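Have a look at the structure below, then the notes.
The values are calculated or read from the model by the stated rules, or taken from the named source; none is laboratory data. Bear in mind the structure is a predicted one, so any value in this text is a computation, not a measurement. Glycine also receives a Cβ, built like all others from the backbone with ideal geometry; neighbour counts cover every protein chain displayed. We work out accessible area using only protein heavy atoms, side chains counted, and drop any ligands, DNA or RNA first. Shrake-Rupley method; radii C 1.70, N 1.55, O 1.52, S 1.80 Å.
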Amino acid sequence: MDAWATGGTFREISKSKFCELQIPLPPLEIQNKIVAEVEECKNEIIRLKRAIEGEEKNIQLALARVWGEDEFHQSKD
């Protein structure tokens, strides 16, 4: 790519030269495997975020019990 760059102040590649670039891609089968793996990772992140939210609620409930807030809220009902 450096051989395609022109310019004195700063080197740049023209749009027409850039459009001539051929970027190698893995075969479609491998691309699909990569996508499937990324999707699995995204689903795991979602699952873990939900688990964290649940544990944060459990912490809040435990703290409320320690400070007696659950009794206060129950007596209001």
(Q) Scan region 22-40 and tell me whether some residue there is polar (S, T, N, Q) and modelled with pLDDT under 95. (A) yes
Q: Just need a number here: residues in region 1-39 that are part of a strand (DSSP E or B) and hydroxyl-bearing (Ser, Thr, Tyr).
A: 1
Q.
Which numbered condition in (1) open to solvent by 80 Å² or more (accessible area, probe 1.4 Å); (2) of a type in the set (D, E, K, R); (3) within 19 Å of the chain's Cα centre (by Cα) is the only one that GLU44 fails?
A. (1)
Q. Which residue pairs have Cβ atoms closer than 9 Å, lie 6 or more positions apart in sequence or on different chains, and pair a first residue in region 47-71 that is in a helix (DSSP H, G or I) with a second residue that is surrounded by 10 or more Cβ atoms within 10 Å (Cβ to Cβ) and among the acidic types (Asp, Glu)?
A. LEU61/ASP70; LEU63/GLU69; ALA64/ASP70; ARG65/GLU71
Q. How do the pairs read when you match residues in region 10-36 that are open to solvent by 100 Å² or more (accessible area, probe 1.4 Å) with residues anywhere that are among the small types (Gly, Ala, Ser) and modelled with pLDDT under 85, using Cβ under 6 Å and keeping only pairs 6 or more apart or on different chains?
A. ARG11/ALA5
